[in-house]
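Let me begin by presenting the structure, written as structure tokens, before commenting on it.
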There are 2 protein chains.
Amino acid sequence: MPTKRAITYLSVAEEWPTLSSAERARRLQRLPHEAGHEFFFDLGAADQTGVLLALPPGERRHWIRLLAPDDVADVIQAAPDDQRGGLLSLLDEPTRAEVAALLAYAEDEAGGLMNPRYMRVRPDMTVAEALGYFRRQAQQRAARDIPTYAYILDSQGKLSGQITLTDLIAGDPAANVGHLMHTNIITIPEEADQETVARLFAEHGLAAAPVVDATGRMKGVVTADDVVAVVEEEATEDIQKLGGSEALDAPYLKIAFGRMVRKRAGWLSALFLGEMLTATAMAFFEEEIAKAVILALFVPLIISSGGNSGSQASTLVIRAMALGEVRLRDWWRVIRREIAAGAVLGTVLGTIGFLRITLWHAITGIYGEHYMLVAVTVFGSLIGVVTFGTMAGSFLPFILRRLGFDPASASAPFVATLVDVTGLVIYFTVASVILRGTLL
Amino acid sequence: MPTKRAITYLSVAEEWPTLSSAERARRLQRLPHEAGHEFFFDLGAADQTGVLLALPPGERRHWIRLLAPDDVADVIQAAPDDQRGGLLSLLDEPTRAEVAALLAYAEDEAGGLMNPRYMRVRPDMTVAEALGYFRRQAQQRAARDIPTYAYILDSQGKLSGQITLTDLIAGDPAANVGHLMHTNIITIPEEADQETVARLFAEHGLAAAPVVDATGRMKGVVTADDVVAVVEEEATEDIQKLGGSEALDAPYLKIAFGRMVRKRAGWLSALFLGEMLTATAMAFFEEEIAKAVILALFVPLIISSGGNSGSQASTLVIRAMALGEVRLRDWWRVIRREIAAGAVLGTVLGTIGFLRITLWHAITGIYGEHYMLVAVTVFGSLIGVVTFGTMAGSFLPFILRRLGFDPASASAPFVATLVDVTGLVIYFTVASVILRGTLL
């Protein structure tokens, strides 16, 4: 029997998306103590920041101190520039130092993703001592801060092993931690980017992994729950770039209209300027078109086939790069494979095109007496255009990565634009060879 | 000082990608006991299956029984059909029943992702009793099977709360579990699809979440480490579809050439058949082209602008749908927004196009006496084509989802193909209105 207008975790969760920041802060303050804290923990960084800034300054301190240093760093990154100093000053001195260190990492590096607080035990501790240490830590902080791994470091701070809470509970209380620890650990270099971190977690099904610097010294821990959000974010960015737009960096229905249009107009205009070269190329072949208007009929078909096969190839290569399946040094293997694939795909499309023209002509007779030569022109052009498109589409991500750009910028529209001009040149060149003396 | 040719976890990890399944099995057998087990745990399901099948039948039992039921289910799903029964028969009876139940879930449902084994405690247990139960469980099984959450169920098997191992360690040993448990739990319906599961994990930063059936009865646990792999996989599928290809379902450099080409040829051919309509549309306007060859020059520019703006819009909408930011019922809000965005973007491109033609003519004079009318035709067509492309691109994912297809199939090439024919019709219609009496 629900109490009349009772403020519960679930009732707040339900109306949350429709509330202003001020209303959210008020609801959170009216929730029972523990439920309020849990609710606050469960929010994303942007929402946590909104709530914090909507609270009276005197209450912010209580809430921000509930968070682990890595979460505080996210909150501060989500705050407007002029509020960051104020939020930082609410922390106690050691936490402030930890957060400042995290903020110095780029947001998309392993170092920016990790929690600098972790359980450190000595190899000569007994299991009972380590458990006692775990217990004291757990009693001092919010339970969800406590990782389920403890790390064994040597005297230089270098990582030598890890042990889970479960190992400790199952182990002989008198045994040394050094005997029970696991030493085959997948570690993450502190400057590794998010994509690399995500790949390691996905490949090895990790629940947590230690971050180490170049000398093997342990810096912090990344946990799988943080990585899930990162993987979604990375994929969103890549997908939006692949669609020929800047990454929106905000939910589609929430981003302001003007901001969204600006993010889209940039690439569209750039592509449009590139595509203008097709008008120049077409002008170059104006005479041929005037002599044989029939050639113009197949222009969209030919160039779009190049664009489609090119964007297919670039997308496959970009994703394989993001997953670490393909590296820069694999470029020659990939290009060779794509040229072969392009030749096969071009032959398939060329054959369909050839049949379309000859059969259609047999029925309607619209392609004139030289229809067979036109069909051969289309057949040959498609092989050339699709092979070239596939090759260019697969090569472009390598060039972009080599030059230090994000390969995902080799979007379908970008590749299509690149390939369109070449497609026209290939088509009209094949035509002038095959049709010379008849139509041209 | 490394032993000569010592077989270690790291040496095996290094050469792993280059080994055949038989060699992999041999390496694994030669690793020290614990390192071998850890290595096997760290493999993905496909590799685990490969190794299992390469082992002599007498040894398979040992290795497959190391795995938790959800991992066994993945291994069996990765095995060829004729090997599945044999692998299942290696399990002990209760595990076989659990795995069979998991295999009945679709692979991409929460039920197919969960581990049916979890720690269940009664609310009237004391903390000390619950910890003892944890300890016995941990001693009986491989440590990594043990989740760090325990769940409190009522007598009907309905979930009433959860508690972490850390809560237990930090808690008063004499306290009742029911008093310490957390009751505000984010649960996952058993039929939720992977995308929904991933979204819940990403939004709330979950480390684990219980799966419940429609009546609230607990069925198992999904952990963040499983979700990381799923999110990567889902994103890869979507990206490959967006690039106009079937999902490869295998790493790019590992998939057989013939299989890859078949997966790509299907969509390319379908798109090619659709694109043939452009030849039909062009034939319809053949007379206009013959009269004013200049019109043909801008065909690639106009139709590619429609395609580019359309694939931009469809990609943004598809990703927003996958992230749950946009639902089916939001269609009208989205379309309205996209029509407005399309009109703005079309005006931007139209203006660039207008300037290009008038300025280029001022320099070269190649566009003839009616260049201004041609520029106006291009300007007007671009507004129409880009607005239509944007609208069609954003609408198509809704139609596909409504019909039960994956919206990600509304790939950039698919949208471009759809928009190309319409683009031609819009262009030549605008041209015939503006140029009637002069060029036409």
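The values are calculated or read from the model by the stated rules, or taken from the named source; none is laboratory data. Bear in mind the structure is a predicted one, so any value in this text is a computation, not a measurement. Positions of Cβ are backbone-derived with ideal geometry, glycine not excepted, and every protein chain shown enters the neighbour counts.
Of a type in the set (Asp, Glu), assigned to a loop (DSSP other than H, G, I, E, B) and at pLDDT below 85: does that describe A:Glu98? Here the answer is no, as A:Glu98 does not meet what is asked.
The requirement of being more than 7 Å from every other protein chain (Cβ to nearest Cβ), under 18 Å from A:Ser245 (Cα atoms) and at pLDDT 90 or above is satisfied by B:Thr347. Only a single criterion out of (1) over 17 Å from B:Tyr149 (Cα atoms); (2) touching a helix residue (DSSP H, G or I) at 6+ places or on another chain (Cβ under 8 Å) is not satisfied by B:Asp167, namely (1). Tallying residues that are free of Cβ contacts under 8 Å to residues at least 12 places away in the same chain and farther than 13 Å from B:Ile303 by Cα within segment A:285-306 yields 7. What about B:Thr18, is it of a type in the set (Ser, Thr, Tyr) and either loosely packed, with under 15 Cβ neighbours inside 10 Å or modelled with pLDDT under 80 (or both)? Yes: the conditions hold for B:Thr18.
Quick check: is even one residue across segment A:252-275 assigned by TED's automatic domain parsing to the domain that holds A:Thr390, touching a Gly at 6+ places or on another chain (Cβ under 6 Å) and not in a loop (DSSP other than H, G, I, E, B)? Looking through segment A:252-275, at least one residue is assigned by TED's automatic domain parsing to the domain that holds A:Thr390, touching a Gly at 6+ places or on another chain (Cβ under 6 Å) and not in a loop (DSSP other than H, G, I, E, B). Considering B:Leu66, B:Leu28, B:Leu91, the condition of being assigned by TED's automatic domain parsing to the domain that holds B:Glu14, more than 30 Å from the chain's Cα centre (by Cα) and not in a helix (DSSP H, G or I) is satisfied by B:Leu91 alone.
If a residue counts only when it is surrounded by fewer than 20 Cβ atoms within 10 Å (Cβ to Cβ), which helices (runs of 4 or more DSSP H) contained entirely in segment B:101-209 have at least 3 such residues?
Once the helices (runs of 4 or more DSSP H) in segment B:101-209 are filtered for at least 3 residues that are surrounded by fewer than 20 Cβ atoms within 10 Å (Cβ to Cβ), what remains is B:127-140, B:194-204.
Against the list (1) of a type in the set (Lys, Arg); (2) modelled with pLDDT under 85; (3) closer than 21 Å to A:Leu206 by Cα, the condition A:Arg135 fails is (3).
Let's see how each residue does on (1) modelled with pLDDT under 90; (2) assigned by TED's automatic domain parsing to the domain that holds B:Ala202; (3) closer than 23 Å to A:Leu180 by Cβ:
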| site | (1), (2), (3) |
| --- | --- |
| B:Met114 | yes, no, no |
| B:Leu131 | yes, yes, yes |
| B:Arg144 | yes, yes, yes |
| B:Tyr149 | yes, yes, yes |
| B:Ile152 | no, yes, no |
| B:Thr164 | yes, yes, yes |
| B:Leu180 | yes, yes, no |
| B:Ile188 | no, yes, no |
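Considering only segment B:228-285, state which residues are at the interface with chain A (Cβ under 7 Å from one of its Cβ atoms), buried (at least 17 other Cβ atoms within 10 Å of the Cβ) and over 30 Å from B:Leu113 (Cα atoms). Listed by number, the residues that qualify are B:Val261, B:Ala265, B:Leu268, B:Leu271, B:Phe272, B:Glu275, B:Met276, B:Thr278, B:Ala279, B:Met282, B:Ala283.
Check segment A:295-314 and report whether any residue there is over 19 Å from B:Phe272 (Cα atoms), at the interface with chain B (Cβ under 7 Å from one of its Cβ atoms) and part of a helix (DSSP H, G or I). Scanning segment A:295-314 turns up no residue that is over 19 Å from B:Phe272 (Cα atoms), at the interface with chain B (Cβ under 7 Å from one of its Cβ atoms) and part of a helix (DSSP H, G or I). Kindly indicate whether any position in segment A:405-415 is part of a loop (DSSP other than H, G, I, E, B), in the same structural domain as A:Ser269 (by TED's automatic domain parsing), touching a residue at least 12 places away in the same chain (Cβ under 8 Å) and among the charged types (D, E, K, R). Yes; the residues of segment A:405-415 include at least one that is part of a loop (DSSP other than H, G, I, E, B), in the same structural domain as A:Ser269 (by TED's automatic domain parsing), touching a residue at least 12 places away in the same chain (Cβ under 8 Å) and among the charged types (D, E, K, R). On the given criteria, is A:Glu325 more than 7 Å from chain B (Cβ to nearest Cβ), modelled with pLDDT under 90, farther than 19 Å from B:Leu424 by Cβ and surrounded by fewer than 22 Cβ atoms within 10 Å (Cβ to Cβ)? Considered against the rule, which asks whether it is more than 7 Å from chain B (Cβ to nearest Cβ), modelled with pLDDT under 90, farther than 19 Å from B:Leu424 by Cβ and surrounded by fewer than 22 Cβ atoms within 10 Å (Cβ to Cβ), A:Glu325 comes out as no.
Considering (1) surrounded by fewer than 16 Cβ atoms within 10 Å (Cβ to Cβ); (2) within 11 Å of chain B (Cβ to nearest Cβ); (3) closer than 23 Å to A:Gln140 by Cα, the lone condition that A:Arg61 does not fulfil carries the number (2).
So, A:Val376, is that one surrounded by fewer than 23 Cβ atoms within 10 Å (Cβ to Cβ), touching a residue at least 60 places away in the same chain (Cβ under 8 Å) and part of a helix (DSSP H, G or I) or not? Spelling it out, it is not the case that A:Val376 is surrounded by fewer than 23 Cβ atoms within 10 Å (Cβ to Cβ), touching a residue at least 60 places away in the same chain (Cβ under 8 Å) and part of a helix (DSSP H, G or I).
Checking the stated criteria, B:Asp249 turns out not to satisfy the condition of being part of a helix (DSSP H, G or I) and either within 24 Å of B:Tyr105 (Cα to Cα) or in the same structural domain as B:Thr187 (by TED's automatic domain parsing) (or both).
Within segment B:385-440, the set of residues being more than 12 Å from every other protein chain (Cβ to nearest Cβ), hydrophobic (A, V, I, L, M, F, W, C) and within 24 Å of the chain's Cα centre (by Cα) comprises B:Ala392, B:Phe395, B:Leu396, B:Phe398, B:Ile399, B:Leu400, B:Leu403, B:Phe405. Here A:His370 passes the criteria (1) of a type outside the set (Lys, Arg); (2) touching a residue at least 24 places away in the same chain (Cβ under 8 Å); (3) closer than 19 Å to A:Gly423 by Cα except the one numbered (3). Only one entry in A:Val425, A:Val419 is surrounded by fewer than 23 Cβ atoms within 10 Å (Cβ to Cβ) and assigned to a helix (DSSP H, G or I), namely A:Val425. Among the residues making up segment B:33-58, those that are facing chain A (nearest Cβ under 10 Å) and either out of contact with any helix residue (DSSP H, G or I) (no Cβ under 9 Å at 6 or more places or on another chain) or part of a loop (DSSP other than H, G, I, E, B) (or both) are B:Glu34, B:Leu43, B:Gly44. A:Ala229 falls short on exactly one of the conditions (1) out of contact with any Ser or Thr (no Cβ under 9 Å at 6 or more places or on another chain); (2) of a type in the set (A, V, I, L, M, F, W, C); (3) assigned to a loop (DSSP other than H, G, I, E, B), and that condition is (3).
Quick check on my filter: what residues within segment B:363-384 are away from every other protein chain (no Cβ under 13 Å) and at pLDDT below 90? Hits for segment B:363-384 are B:Glu369, B:His370. Scanning segment B:315-340 for residues that are in a helix (DSSP H, G or I) and of a type in the set (A, V, I, L, M) gives B:Leu316, B:Val317, B:Ile318, B:Ala320, B:Met321, B:Ala322, B:Leu328, B:Val334, B:Ile335, B:Ile339, B:Ala340.
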